[in-house]
Amino acid sequence: MEHLGARLLEFREVCEYLNVSAPTLYRLIKSRQLPAYKVGGKWKFKPEDIEQYLASHSNLAGQGVTEEG
């Protein structure tokens with residue numbers, strides 16, 4: 001089970017981190033491309049879910065390409 005003290009990211013933080021608009025982030029949530037959790041009426045995100053999303057949408061994802069080339 002995950003540590004209950006883990007910090008969840010706010011909606012605004014994720015928009016800034018991903019450099020996307022609020023409507024784009026809502027679209028990612030609605031399409032279930034990005035896991036999100038509604039807590040107290042506000043969307044929250046696990047940092048590891050954001051990192052997984054980025055890794056899966058990298059130009060290196062699933063291509064067997066390493067950073068070295």
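The values are calculated or read from the model by the stated rules, or taken from the named source; none is laboratory data. The structure displayed is predicted, hence computed values, not measured ones. Here the Cβ is made from the backbone with ideal geometry for all residues, glycine too, and neighbour counts use every protein chain on show. Note: accessible area is taken over every heavy atom of the protein model, side chains too, but ligands, DNA and RNA are not part of it. Shrake-Rupley method; radii C 1.70, N 1.55, O 1.52, S 1.80 Å.
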* Asked: Which trypsin sites (Lys or Arg not before Pro) from the stretch 1-59 combine a DSSP loop assignment with at most 10 other Cβ atoms within 10 Å?
  -> Arg7, Arg32
* Cβ-defined net charge surrounding Ser56, 15 Å radius [Lys, Arg +1; Asp, Glu -1] -> -1
* Name the lysines eligible as straight-distance cross-link partners of Lys30: C-alpha to C-alpha under 16 Å, and not fewer than 8 places from it in the same chain. => Lys38, Lys42, Lys44
* For Ser58, what accessible area in Å² do you get when you roll a 1.4 Å probe over the heavy atoms of the protein chains, rounding to the nearest 10? -> 40 Å²
* Over the heavy atoms of Tyr17, what accessible area does a 1.4 Å probe trace out, to the nearest 10 Å²? -> 130 Å²
* Summed residue charge, Cβ within 15 Å of Ser21's Cβ, Lys/Arg positive, Asp/Glu negative -> +1
